[in-house]
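**Student:** Sharing a structure, written as C-alpha cells. Questions coming.
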Amino acid sequence: MTPDDAPDFDAIVIGAGMSGLYQLHRLRGLGMKVRVFEAGTGVGGTWYWNRYPGARFDSESYSYGYSFSKELLEAWDWSEHFAPQPETLRYLNHVADRFDLRRDISFSSRVTAAHWREEGRRWEVTLEDGSRASARFLITAIGPLSAPTMPRIEGVETFRGLSCHTARWPKEPVRFEGKRVAVIGTGATGVQTIQEVAKTAKQLTVFQRTPNWCAPLHNAPIGRAEMTGIRARYPEIFRRCQETFACFLHTADPRNTFDVTPEEREAFFEKLYGEPGFGIWVGNFNDILTNPEANALISDFVARKIRQRVKDPKTAEKLIPKNHGFGTRRVPLETRYYEVYNQANVELVDLTETPIERITPSGIETTARDFCFDIIVYATGFDALTGAFDRIDFRGAGGARLRDRWAEGAETFIGMSVADFPNLLMLLGPHTALGNIPRSIEYNVDWVSDLLRFMRERGLTRVDATPQGVEAWMETVREAAQGLLSNEVNSWFTGINSNVDGKQTRRLSRYSGSAPAYRARCDAVAAAGYREMALD
Ligand code: NAP
C-alpha cells in the first residue's frame, strides 16, 4: 500500500446520536483518528429530529442516560422521571461539550454511499454534496428508528397548510391555538402528539387505522432531594438494568398468570396500571407475552380501563385493539390520552370504517367526508431497523450490495457485522438487543471498541463475519422469536411497513431474546479472541 492509499481516518462513524457520540469518545480514548458524519445541524440523533409536541422517552430518565462517566452522572440533574425531548437534547449537547466531541463531527453531512475498497482495506464514504472520505473502519450509528415514512396517500404534496412528519418537526415552535389539526397515526409517537395537541387546538381530528394498547406513564417531577437519592443509587440502577430482560428497571414477574387467584391477578394488574413506566408491559406475569389465554386476561383488563376512561362507548370500542393482544406491539405510554376523546374539540376517525381517499389542498377526504385543516401531522412511523441502511448505498467485498443482501430480511453476525462487508461494524443494527436503548448502545460501543483495540494490538486490519457465524446467529434469532405472540402480529417489530415496497411480509430483523443472553453471546465471541470472525 502506498501512502496515497492510506485512509483519511482510522474510523468513520455515521451519525452523532447517542451511539455515535459515545463511539467517538471511546475511539478517541484509543488514540484513533475519527470523523463523524451527521446529517443534522446538531448532535442528538433521535432527540434532534423528533421535536414533535409531547415527545419524551418511556424509560426512567436515570436509567436512560449514559452510565460510562461518573463525572457526567454527578453533573447532570434530570427534572422529570420521564424527561421530555428538549431536556434530552440539552443533555446530549452537554455530553458533546463536556467531552469536546464537536471538533470531530461534520454536521449537515449526509452519507449517501459507502464502498469497500479491498486494495487499501478501507471504506470510501460519499456525502450528499459529492465529497468523499475514507477510513479503515466504518461504524454505523444510524439508529433503528430513523428513516421516517410518509403514508402513500394520493395528494400528500398538494396540501396548502402546514404538514409535517413528526420525525422532521420544524425547529421553530408550532402553535395550535385556533387551528384545525389532523394527526394521522396512533403509535407511540401519535399518542404523545395527540395528547399534547388536544390541549390547545381549536379542533383535533385523529385518523386511526389500528388502535394500540396504551398504558399510563405516571410521570412526575424530580426534586433536588430526590435527584440526590437517585444519584446515590446509580450503581444499583445500572446493575439492575444489566440484569433485566430488556435493560429496563422493570422485568417480568416470575409468576405465571394462572398461578394466582383471579382476585390476586386483578390486584396485581391494578397495581401495575397505577405505577410509572413499562412495568405493566415488561414487569407483568411471566407468560402474558407468550400464552394467548394469559394475554387475553391482561388485554381484557386494559380494555375495561379504556371503557371506564372514555365516556362515549362507541369511541371507546374504536380505541380498543381487536386484532392483537396487549403488549404484542410496542405499548405507548400515555398521560390522559384516553380522556382526550372526552373533549369537545377532539374527534376520532376510524380509518377501517372510512379510509382516507386523498389529501387535498385544504385537508383530508375520506370515503365519508371532506375535512378542512390548517395543520396535518404525519405520525406514520419509520422504515424500522433496516430502513436507514437501505437509504445508504453500502457495497462490500466484490461489490455486494447490502440492500440486495437484505432484500428478504437482514442477516447479521451478533447484530454488529455482516458477511462480505469487512470492517463495517453496526451499533444498534438489526438483531442487536434493543430494549432500553442507551444500555444496548453502551454495550455495542464497548464491544466494537474492544474489537478495534484487539486488532490494533495485533496489527490486524480486516475483520469480517463468516457465513457460518451468520447462520448460527440467525438460528439464535429464530429460536428467540419462537412462541412470542408479538412475532405473529404486524408491526415494526416484525418488519412491516405498509408504506414501503417489499415490507408487507413479516421478517426477523429484530432479536427478541434477552439482553443478558445477547451480551453473554457477544462476550464469548470476544473472550475467544474473535475466532468466530475472519480476522486478517
Ligand atoms: P409506529 O408505531 O409505526 O406507528 C405508526 C402509525 O401510523 C400507526 O398507527 C400506523 O397504523 C399509522 N400509519 C402508517 N401509515 C399509515 C397510513 N398510510 N394511513 C393511516 N395510518 C398510517 O410509529 P411511531 O409511533 O413513530 O413509533 C415507532 C417507535 O418509535 C415506537 O414503537 C417506539 O419504539 C419509538 N418511540 C418511542 C417513544 C418513547 O420512548 N416514548 C416515542 C415515540 C416513538 P397501523 O398500525 O395500522 O400501521
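**Student:** If we only count helices (runs of 4 or more DSSP H) wholly inside the range 1-105, which ones have 2 or more residues that are out of contact with any His (no Cβ under 9 Å at 6 or more places or on another chain) and of a type outside the set (G, A, S)?
**Tutor:** In the range 1-105, the matching helices (runs of 4 or more DSSP H) lie at 18-29, 46-49, 70-75, 85-98.
**Student:** So, one more: How many residues are closer than 16 Å to E124 by Cβ and touching a residue at least 12 places away in the same chain (Cβ under 8 Å) if we restrict to the range 1-32?
**Tutor:** The number of residues fulfilling the criteria is 11.
**Student:** Continuing with this model, one more query. Has the range 348-358 got at least one residue that is of a type outside the set (V, I, T), within 17 Å of P216 (Cα to Cα) and either within 16 Å of the ligand (Cβ to nearest atom) or assigned to a helix (DSSP H, G or I) (or both)?
**Tutor:** Taking every residue of the range 348-358 in turn, none turns out to be of a type outside the set (V, I, T), within 17 Å of P216 (Cα to Cα) and either within 16 Å of the ligand (Cβ to nearest atom) or assigned to a helix (DSSP H, G or I) (or both).
**Student:** Anything in the range 466-517 that is aromatic (F, W, Y) and not in a loop (DSSP other than H, G, I, E, B)? List them, or say none.
**Tutor:** Initial filter on the range 466-517 (aromatic (F, W, Y)): 473, 492-493, 511.
Hits for the range 466-517 are W473, W492, F493.
**Student:** Let me ask something else. Are any residues in the range 74-83 buried (at least 18 other Cβ atoms within 10 Å of the Cβ) and in contact (Cβ under 8 Å) with a residue 24 or more places away in the chain, and if so, which ones?
**Tutor:** Passing the criteria: W78, H81, F82, A83.
**Student:** If I filter the range 370-386 down to residues being away from the ligand (no atom under 11 Å from the Cβ) and either modelled with pLDDT under 95 or not in a strand (DSSP E or B) (or both), which single residue comes out as farthest from S498 (Cα to Cα)?
**Tutor:** Among those that are away from the ligand (no atom under 11 Å from the Cβ) and either modelled with pLDDT under 95 or not in a strand (DSSP E or B) (or both), it is D374.
**Student:** Going residue by residue through the range 423-430, is there one that turns out to be more than 30 Å from Y62 (Cα to Cα), surrounded by fewer than 22 Cβ atoms within 10 Å (Cβ to Cβ) and at pLDDT 95 or above?
**Tutor:** Step one: filter the range 423-430 for residues more than 30 Å from Y62 (Cα to Cα), giving 423-424.
Within this subset, residues satisfying the condition of being surrounded by fewer than 22 Cβ atoms within 10 Å (Cβ to Cβ) are none.
Scanning the range 423-430, I find no residue that is more than 30 Å from Y62 (Cα to Cα), surrounded by fewer than 22 Cβ atoms within 10 Å (Cβ to Cβ) and at pLDDT 95 or above, so the answer is no.
**Student:** Look at T210 and say whether it is surrounded by 21 or more Cβ atoms within 10 Å (Cβ to Cβ), outside any helix (DSSP H, G or I) and within 8 Å of the ligand (Cβ to nearest atom).
**Tutor:** No.
**Student:** Taking the range 314-327 on its own, how many of its residues are surrounded by 17 or more Cβ atoms within 10 Å (Cβ to Cβ) and over 19 Å from P216 (Cβ atoms)?
**Tutor:** Selection size over the range 314-327: 2.
**Student:** Grab the strands (runs of 3 or more DSSP E) fully contained in the range 120-198, keeping just those with 3 or more residues being within 16 Å of the ligand (Cβ to nearest atom).
**Tutor:** Qualifying strands (runs of 3 or more DSSP E): 162-165, 180-184.
**Student:** For the range 312-333, indicate whether the set of residues that are assigned to a strand (DSSP E or B) and under 30 Å from S509 (Cα atoms) is non-empty.
**Tutor:** We begin by selecting, within the range 312-333, every residue assigned to a strand (DSSP E or B); these are 333.
With the extra rule that they be under 30 Å from S509 (Cα atoms), the set shrinks to 333.
Within the range 312-333 (the criterion being assigned to a strand (DSSP E or B) and under 30 Å from S509 (Cα atoms)), the answer is yes, since at least one residue qualifies.
**Student:** Here is a follow-up. Confirm whether L204 is out of contact with any helix residue (DSSP H, G or I) (no Cβ under 8 Å at 6 or more places or on another chain), crowded, with 21+ Cβ neighbours inside 10 Å and under 25 Å from S491 (Cβ atoms).
**Tutor:** Judged against the criteria, L204 is not a match.
**Student:** Would you check which residues across the range 50-77 are within 16 Å of the ligand (Cβ to nearest atom) and farther than 19 Å from T335 by Cα and list them?
**Tutor:** Of everything in the range 50-77, those that are within 16 Å of the ligand (Cβ to nearest atom) and farther than 19 Å from T335 by Cα turn out to be Y62, S63, Y64, G65.
**Student:** For the range 219-233, state whether one or more residues are buried (at least 22 other Cβ atoms within 10 Å of the Cβ), within 16 Å of the ligand (Cβ to nearest atom) and modelled with pLDDT of 95 or more. Don't jump to the end; show me each part of the working.
**Tutor:** Kept after step one, since they are buried (at least 22 other Cβ atoms within 10 Å of the Cβ), are these residues of the range 219-233: none.
No, there is no match, as no residue in the range 219-233 is buried (at least 22 other Cβ atoms within 10 Å of the Cβ), within 16 Å of the ligand (Cβ to nearest atom) and modelled with pLDDT of 95 or more.
Residue-wise test of (1) more than 24 Å from F268 (Cα to Cα); (2) in the same structural domain as F268 (by TED's automatic domain parsing); (3) more than 16 Å from the ligand (Cβ to nearest atom).
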| site | (1), (2), (3) |
| --- | --- |
| K305 | no, yes, yes |
| Q308 | no, yes, yes |
| K311 | yes, yes, yes |
| A316 | no, yes, yes |
| P321 | no, yes, no |
| R330 | no, yes, no |
| L333 | no, yes, no |
| R336 | no, yes, no |
| Y341 | yes, yes, no |
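**Student:** Pairs please, first residue from the range 44-61 and among the acidic types (D, E), second anywhere and away from the ligand (no atom under 11 Å from the Cβ), Cβ atoms under 7 Å, 6+ apart in sequence or on different chains.
**Tutor:** Matching pairs, first to second residue: E60/H81; E60/L249.
The values are calculated or read from the model by the stated rules, or taken from the named source; none is laboratory data. Values in this document were obtained by computation on a predicted structure and should not be read as measured data. Because the Cβ atoms are built from the backbone with ideal geometry, glycine has one as well, and the counts that use them run over all protein chains shown.
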